[in-house]
Each structure stands twice: as structure tokens, then as C-alpha cells.
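Asks: Pasting a structure below so you can have a look.
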Amino acid sequence: MRVCEISNEKDEELVWRRFMNLLNERMNERHGEERGLFIQIDYSATPFFGSKEKKEYFPHIVYDYDLLKAMHDMLVKQIFLEERQKVAGEDLATLDFRAVRAEPEGGHKRGEVIELSEGQKILLQIGKSKLEQLAVEFRGKGINKKPVLLILAENTKVADLVRDHFYTLTDEHGLPYDDSQVMLIHSDLPEKELEEARQRLDLIDDNDNPLRVVVSVLMLREGFDKKNICVTVVLRATEADLLLEQIVGRGLRLMFPKWENPEFYEAKREAYWEIRSNKTPSNSLDFLFIVEHPGFREFYEKLKEEGYAIGIGDTSTRSSTGDLIPVDAIADRIPRFDIGWPVQVFDSAEKIDLSKIKPEELPRYPGEFSSLKKLVSGIKITDTHMGTGKKVKTWELPNEYFDFAFFLRSMTNAVVLEGKKPILSGMKAEVAGLIDEYVSKYCFGQEIDFSKEENYRILNYSPVFDHIKKALRQAILALSGEIVYEHHGRWGRLSDVPRLMIRESKSVPSEKCIYPLVGYQPKGGGFERGFMLEILEPSFEVLAYSKLDRKHNLKIPYRDEIGVLRNYEVDFIVKTNEKMYLVETKADRDLKRPEVAVKIRAAMAWCEQASTVKLPDNLHQPNEWEYLVISEGFFKQNRGLSFGAFKDAARLLREQLVARYERRLL
């Protein structure tokens with residue numbers, strides 16, 4: 001299909017509808033009555049026509065996840081209006097941001113564009129300066145990300161002038177901008193150049209590619225979503241909400257997503273809430289800077305009234321990365337302070353002895369079977385006319401397929417599968433037998449013949465089905481708390497991660513770690529800070545330690561209280577003469593959470609298995625591992641104790657939490 005120019009959004013909507021109707025007709029022609037259902041699901045960032053009082057939303061919206069929610073959830077960049085009151089002595093409020101035109105000729109309303117105005121050049125200078133500021137700071141912090149500047153011109157002539165203007169400028173290294181850094185793309189380019197430009201655009205997020213300035217008109221308002229766009233300069237006057245949102249939308253994709261760069265997440269959260277509190281943000285990671293333009297002022301004020309957190313101000317004197325700094329492992333420290341751990345291979349299809357489950361000990365259903373039969377047989381469905389309230393028809397749900405054999409198959413799959421993933425491989429027959437015995441003899445406190453329809457229909461009642469599934473899964477998971485590990489595998493080490501990014505203001509100096517600075521949790525991290533400064537650093541028993549980062553890849557697999565497989569990441573790793581320790585620091589309020597005891601059991605099992613794995617010849621540390629929990633309340637009451645004294649109390653707390661989970665007295 002050839003993309004054509006469309007005069008306005010209404011025409012574009014009509015073209016879309018005509019195309020869908022055409023597809024519908026073709027389906028009828030080819031398949032007739034056997035065509036089946038034809039449905040189209042569309043995703044749009046701008047589900048409306050027009051603007052302001054003429055703004056009209058699409059009538060077929062099923063769900064609206066708007067930009068406000070996406071910004072609050074930090075799934076897109078935060079928007080910042082970069083404004084400067086004066087640049088080179090000029091007051092932005094008095095400048096003309098339209099291109100300079102010649103006098104009109106031949107009855108034309110406007111003359112030909114002849115050059116960029118001073119206002120436009122100032123906007124370009126602000127955008128260029130912000131781009132270079134970001135690039136310098138990223139390089140200085142060792143962040144391998146390339147910020148990109150997107151410039152949107154009012155027409156192809158202005159776009160050409162912008163490109164030529166950049167060729168007269170120098171970058172932060174004093175080198176002139178050239179074709180390797182600047183790219184022009186618009187519909188008036190020759191077909192060959194346009195195709196080359198499109199191919200270059202596909203590589204714009206490649207951090208090793210020098211291209212970092214893109215000049216366009218309207219070609220990139222849809223279908224162009226690149227994560228490296230950090231600065232946008234708009235050299236066109238428009239009051240159309242649709243166009244403004246399309247322009248903003250081109251740069252909203254995250255440059256530092258949490259799943260790729262977790263070390264930046266807390267700093268980003270802090271900056272977001274600083275904007276919400278009308279403060280200048282301490283950093284601008286994952287910000288989209290829109291250089292101030294008169295056409296945007298009303299648009300942004302409107303967004304702020306609707307609840308959007310829009311930052312406004314001059315960030316030229318602020319560090320875009322805040323106090324994030326790279327911390328490198330010191331080579332001379334590695335032989336003495338490096339720590340390793342086994343990255344073990346485990347059997348996710350756990351080896352479970354189902355004979356240990358006693359059906360007579362599983363919980364009974366909280367209801368009498370005779371009452372259930374009356375309840376379920378009495379369930380009817382009534383069709384009611386909404387307009388008049390008339391009850392038109394009463395009927396029973398037909399039962400053409402459900403019997404006890406069907407129930408056993410369904411329940412077995414519900415117990416042994418997690419989605420499509422098996423949690424018990426090759427054990428369906430044993431599980432089905434266990435279900436049969438439990439349901440037929442013990443679930444309802446009596447033996448029941450489920451070959452009869454009057455009885456087996458009760459098993460199709462959702463509360464009964466859910467009770468049986470929960471009872472069986474919990475019993476099986478109680479046997480599978482320990483993951484079965486192989487006693488060999490690759491070893492991970494702290495030194496495998498030679499550089500970490502940390503918040504300088506949220507770190508402490510260390511003499512017992514391969515890293516000279518060790519970070520701690522930005523939010524509520526005072527406990528971790530005190531533990532390092534007052535326990536780990538001064539205690540002679542501690543030979544080496546580190547706060548573990550996600551990059552260190554020490555993850556303990558476990559199943560949470562409802563059976564979902566997850567990874568547990570422990571806070572600290574500590575080396576002493578006698579043992580290796582994994583240490584979790586917990587706030588008192590978190591100790592009662594059910595997942596805490598589940599994680600403890602998984603970590604204890606991990607340590608038990610890790611203690612059986614042979615150490616590499618070049619790793620000098622104890623072979624035995626132990627998991628400890630230290631609560632904030634105990635730490636505050638016993639700040640003067642050494643690590644050796646703390647570990648004894650931590651053992652007691654660990655056992656108390658496990659006993660509480662297993663409902664034992666200790």
C-alpha cells in the first residue's frame with residue numbers, strides 16, 4: 001500500500017473506515033458463511049479528532065490508559081518544558097519564532113521563506129546545548145547512552161535551512177556538525193535519499209552510531225518511537241492538540257527502563273516526586289525536554305490542570321544524572337576482598353514424594369454435602385429484559401460434558417500446571433489418584449460415589465473446585481520448599497561486575513570491599529547504612545562484604561505462598577573465617593509478611609546446597625554458607641555489638657519467623 005498525503009484527521013479516519021469495510025467485503029467474497037469473526041484491535045496514543053472545544057474521542061474505545069497514568073507509573077519519560085528567560089540578552093517572550101519570509105508576490109498571502117529567524121536560532125541553540133550537556137554528562141558517568149535531538153520544522157524549506165544552520169555550528173568537542181551527526185528527512189527528498197534516511201533512522205538508538213540530530217517536518221509524527229530521543233525543538237506554530245500530542249509522543253519511550261537499568265530507578269522516582277512537589281528535580285534521567293515555544297504554553301498549562309506532572313524551568317545548571325556516579329572495583333583489592341558463590345543448576349521439575357501427603361489430613365470443605373446438593377441443583381439462570389424489567393425466561397446451564405472423569409482431568413491440570421508450564425513433570429497419574437482419594441473419601445467428611453450425576457455436579461461448583469485445588473497445591477508445595485540443586489556449576493563473583501552505578505549521597509566508604517564506595521537503599525536505607533558503618537566495617541570477624549546489586553546475579557529461586565516461581569535477591573554477602581553469610585536486613589513492619597518466611601526457607605535450602613559445592617582452586621573462602629535475618633528494631637537496640645554477636649540473635653529471629661510460618665512454638 002502506498003502512503004499518501006491526507007488533508008486532515010477526519011479524512012484519515014474515513015480512509016481507515018473505508019479500508020476496514022473493504023477487508024470485510026473481501027472476507028465475505030472469499031469465505032461466505034464460513035468466514036467466522038472479523039475483528040480489528042487498534043492501539044492509538046491519540047484516540048481523538050480535532051482540538052480544544054472541538055476535540056472528539058473515537059466512539060469505539062474499549063480501554064483508555066492515558067499518558068497521565070503512564071507517566072505516574074513511570075512507563076514513559078517525564079515531560080519537562082525547557083525555558084530560558086533570556087539567551088544572549090534576548091527576552092524569549094518578545095521573539096518571533098516564525099521563519100523570515102520575503103514580501104508576498106503575485107497575490108500570495110505569504111512570501112517565500114528566505115532564512116531562519118533569530119527566535120528560531122535561539123530555540124535551536126537551547127536544544128543543541130541541552131543535547132550536548134546530556135552527552136557530556138553521560139560519558140562522564142560511564143553511561144553508554146546516546147541522547148538524540150529531534151527538530152520539527154514548519155515546512156521542507158525551513159527543514160533545509162535548519163540542516164544548513166547546523167553545519168555552521170560546532171559540537172561539544174569543538175568539531176563541526178556534519179552529515180554523520182545530522183540527518184534531514186521529509187517528503188520532498190529524492191526517493192533514493194528518502195529511503196537512505198529511513199534506513200538510518202532504524203539505527204538511531206544504536207549508541208555507537210554518530211547520528212544524533214534529526215530534522216523533519218511531519219513525517220515522524222506517527223510510527224516513529226525511538227527511546228534515545230531526549231530533546232525536541234518545534235519550529236512550527238500549531239494549536240492542534242492532536243499534532244502536539246503526536247510530537248510529544250515521539251520521544252516518550254524510556255531510555256533507562258527499570259528492567260534494563262534498575263540502578264537508575266530510585267533516582268528517577270525521586271526526580272518524579274520532586275516535580276510533583278514543584279521542586280527542581282535532582283536529576284533528569286528519562287526526561288523528555290521540550291524547548292519552550294509559544295504554541296506549547298497553553299497546551300502544557302492544560303495538561304498540568306488535568307494532573308500531569310510537567311516540569312518547567314531552566315536545567316542548564318543542573319546535572320542531568322544527579323549524584324549518580326560510576327564506582328569501579330579496585331584491582332589491588334580483588335585478591336583479598338573478592339567473594340564468590342555457586343551459580344547452581346537446579347531441577348525446576350522438583351522431585352516430590354506424594355506418598356507423604358495424607359488425604360485424611362487435608363482440610364475438609366466448610367459445608368455439608370447434602371446442603372450443597374440442594375444449593376447447586378437449585379441454581380437457575382433468568383433472562384431479564386433491561387428496558388421493562390420483565391423476567392422473560394428461566395433455564396439451567398446444560399451439562400453435556402462434565403462428569404467425574406472430566407473433573408479429575410481438569411483438577412489434575414490445575415494442580416500440576418502453572419499456566420502452560422508444568423511444576424510436576426511426569427506425575428499426573430499420581431496426582432489424579434491423590435485427588436480421587438481425597439475427594440471421594442475425605443473432602444466432605446464422608447465417602448461419596450461420584451459416578452452419579454447428582455453427586456459429581458457439585459464438583460463443578462466454583463467454590464468447591466477452588467477449595468480442592470488450593471488444598472492439594474498447598475500440600476504439594478509444602479513438600480517442595482527446597483529446590484533440588486546439582487552439586488556443580490559455574491561460580492559467580494563480585495569482580496564479574498567491575499563497575500556499579502550508585503548514588504553518591506546514598507553510599508558509604510568501605511575498606512573491606514572490592515568497591516571503594518558501597519551504595520544503600522535510597523528510600524529507608526538508614527538501616528543498611530548503619531549496619532555497614534557500625535557492624536560490618538568495624539567488626540574484626542568480617543573479612544570482606546558487599547551490598548549485592550542485581551548485576552551480581554545471585555538469585556535464589558522460590559515459590560511464593562500461592563505457588564508462583566520467583567527470584568529472591570538478598571541484601572548482603574559477608575565473608576568470615578568460619579563461614580560465608582547471606583544477610584537480609586528487614587524493617588520490623590515487614591517481618592509479618594507471609595512471603596518473608598517462604599524466602600527464608602528457600603535461602604536456607606540454598607545455603608545448605610551451596611555448602612556441598614566444591615570451591616574453585618583460586619577462590620579462598622570458607623565452604624559453608626548460612627542465611628541470617630537482622631531486624632531494624634534489634635539493630636537499634638544493640639548498635640554496639642559486633643557481627644559475631646549479631647549473628648546469634650539473627651539465627652533466633654530466623655527460626656522464630658519459620659516457626660511462626662509453620663505454626664510451631666519456639
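The values are calculated or read from the model by the stated rules, or taken from the named source; none is laboratory data. Quick caveat, the model's predicted, so the values are computed rather than measured. Note that we place each Cβ from the backbone using ideal geometry, even for glycine, and neighbour counts take in every protein chain shown. Surface accessibility is based on the protein's heavy atoms, side chains included, excluding ligands, DNA and RNA. Shrake-Rupley method; radii C 1.70, N 1.55, O 1.52, S 1.80 Å.
Asks: Just to confirm my numbers, what's the Cα centroid distance between segment 116-151 and segment 153-225 in Å?
Replies: Cα centres, segment 116-151 to segment 153-225: 14 Å.
Asks: Follow-up. Greater than 27 Å separation of Cα atoms is the criterion. Which listed pairs, 226/555; 226/506; 145/506; 69/547; 523/636, meet it?
Replies: 226/555; 226/506; 69/547, as the Cα separations exceed 27 Å there.
Asks: What are the ³J(HN,Hα) couplings of segment 275-289, residue after residue, when phi is run through the Karplus curve with 6.51, -1.76, 1.60 and θ = phi - 60°? Round to Hz, x for glycine and proline.
Replies: 5, 4, 8, 6, 10, 6, x, 6, 7, 10, 5, 6, 9, 9, 8
Asks: Further question: In terms of modelled amide H atoms, which long-range or inter-chain residues lie less than 5 Å from the amide H of residue 324?
Replies: Hits under the 5 Å cutoff: 504.
Asks: Where a ≥ b ≥ c are the square roots of the eigenvalues of the C-alpha gyration tensor, would you call segment 537-613 rounded, which needs a/c under 1.5, or, failing that, prolate if a/b is larger than b/c, or oblate?
Replies: Prolate.
Asks: At a threshold of 8 angstrom on Cα-Cα distance, excluding pairs fewer than six apart, so keeping six or more, what relative contact order does segment 584-644 reach in percent?
Replies: The value is 48 percent.
Asks: Hey, another quick one. Going by amide H atoms built from the backbone, whose H comes under 5 Å of the H on residue 627, apart from near neighbours?
Replies: Placed amide hydrogens put 582 under 5 Å from residue 627.
Asks: In segment 147-179, which chymotrypsin sites (Phe, Trp or Tyr not before Pro) fall in coil by DSSP and have 16 or fewer other Cβ atoms within 10 Å?
Replies: When the chymotrypsin sites (Phe, Trp or Tyr not before Pro) of segment 147-179 are filtered for loop state and at most 16 Cβ neighbours within 10 Å, 167 remain.
Asks: Averaged per residue, what accessible surface does segment 514-568 expose to a 1.4 Å probe, in Å²?
Replies: The answer is 41 Å² per residue.
Asks: Still on this model: Apply the Karplus curve 6.51 cos²θ - 1.76 cosθ + 1.60, θ = phi - 60°, to the phi angles in segment 158-163 and return the couplings in whole Hz, x for Gly and Pro.
Replies: 3J(HN,Hα) across segment 158-163, in whole Hz: 5, 4, 4, 5, 5, 4.
Asks: Here is a follow-up. Could you list the residues of segment 499-520 with an amide nitrogen less than 15 Å from a label point located 7 Å from the Cα of residue 331 in the Cα-to-C-beta direction?
Replies: Label zone hits: 499.
Asks: As an exercise, use a Förster radius of 30 Å and the Cβ-Cβ distance of residue 553 and residue 358 to find the FRET efficiency, rounded to the nearest 0.05.
Replies: For R0 = 30 Å, the calculated efficiency reads 0.15.
Asks: Check which residues have an amide H placed less than 5 Å from residue 343's amide H, if you skip close sequence neighbours.
Replies: Counting only residues 5 or more places away or on other chains, the set is 490, 491, 492.
Asks: Would you kindly derive the ³J(HN,Hα) couplings of segment 566-575 from the backbone phi angles with the Karplus curve 6.51 cos²θ - 1.76 cosθ + 1.60 (θ = phi - 60°), listing them in order in whole Hz, with x for Gly and Pro?
Replies: 9, 10, 9, 10, 7, 6, 10, 10, 10, 10
Asks: Please give the peptides 456-465, 625-634 ranked by average Cβ packing (other Cβ atoms within 10 Å per residue), highest first, as a rough proxy for protection.
Replies: Ranking, from highest mean packing down: 625-634, 456-465.
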